[in-house]
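Everything on this sheet refers to the single structure shown next.
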Amino acid sequence: MRKKIVAGNWKMNTLPAEGVELAKGVVAQRGEVCECVNFIVCPPFTHLAQVAEVLKGSTVELGAQNCAAEAKGAYTGEVAASMIAALGCKYVILGHSERRQYYGETSETLNKKMEQVYANGLTPIYCVGENLDEREAGNHFAVCKQQIEEVVFNLTEEQFKNLVIAYEPVWAIGTGKTATAEQAQEIHAYIREVLSSKFGAAAEECPILYGGSCKPSNAAEIFAKEDVDGGLIGGAALKAEDFIAIGKGFMA
């Protein structure tokens, strides 16, 4: 049975006090959803420590949105995986489409970040996905396959067992276009097929999250698909009741 996961990527939103209140709301309402659903919140670096305090004693887990490619040293403005782990984080989002697009993250960079994440006992949530031009050109399968082969295929079998994949239809985020549940299932099934070509039966255990404008109104339909194991949630993660309502999509 694969893990069911609802992970909230807060991006560059909330001040520390706001983040604490949001986390309190998630913890307070978490009991409304089956314990079989794993909730993760990923605040900005500035309030990871404060949110960690709020989550203590709850089953809501903490993640970071990124980490440095180096272990330590003269890298001004960077945050090491060891620092994140020391704050109580269990997860790190890597390769998000915004990191690739705005900050030029390459597979070479992401391989280094993967090394740091695993060296510090963290679980990566590795993002793959195609943009609008790539989707319209029919290259969406090839793009996802390349992003997996260039990074995930470098993992050991043991490391692969501690990996979460998040598929982002970049073309359906902020473009007015919508990905259907059928499109989500199609690409998720393909991703699992690519993973199985390298890791065999272990690919059946790897959670693959959907990262495209998942909200309370469509979560149940998307999560009902065989190869969709949850969501990497953006905007809807900034309201505790919406975030929890998405988790209820598994219970519909």
- Item | Protection-proxy order for peptides 76-86, 234-244, each taking the mean of Cβ atoms within 10 Å per residue, highest first | 234-244, 76-86
- the chain, relative contact order in percent, only Cα pairs under 8 angstrom and at least six apart counted: 23 percent
- Hey, what's the per residue convex hull volume over the C-alpha atoms of the range 133-252, in cubic angstrom? 108 Å³
- Message: Tell me which of V92, M1, H140 sits at the most positive position along the dipole axis of the chain, charges placed on C-beta atoms (Lys, Arg +1; Asp, Glu -1).
- Response: V92
- Query: What distance in nm separates the simple spin-label points at E32 and A220, each placed 7 Å from Cα in the Cβ direction?
  - Reply: 1.4 nm
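Give me the orientation-averaged projected area of the Cα convex hull of the range 63-188, in nm², one decimal. Working shown, then result.
Working: hull surface 33.5 nm².
About 8.4 nm², averaged over all directions.
Net charge around L87, counting only other residues with Cβ within less than 13 Å of its Cβ (Lys, Arg = +1; Asp, Glu = -1)? Can you show the working numbers first?
Values: positive: K56, K90; negative: E53, E61.
Net charge around L87: 0.
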- Over the chain, equivalent-ellipsoid semi-axes from the Cα gyration tensor in Å: 25, 23, 17
- Item | Virtual spin-label span in nm between T180 and E149, 7 Å along Cα→Cβ | 2.9 nm
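Here, each number is a calculation from the coordinates, and none is a lab measurement. From a predicted model like this one, the values you see are computed outputs, not experimental measurements. For neighbour counting, all protein chains shown are included, and Cβ atoms are generated from backbone atoms with ideal geometry for every residue, glycine included.
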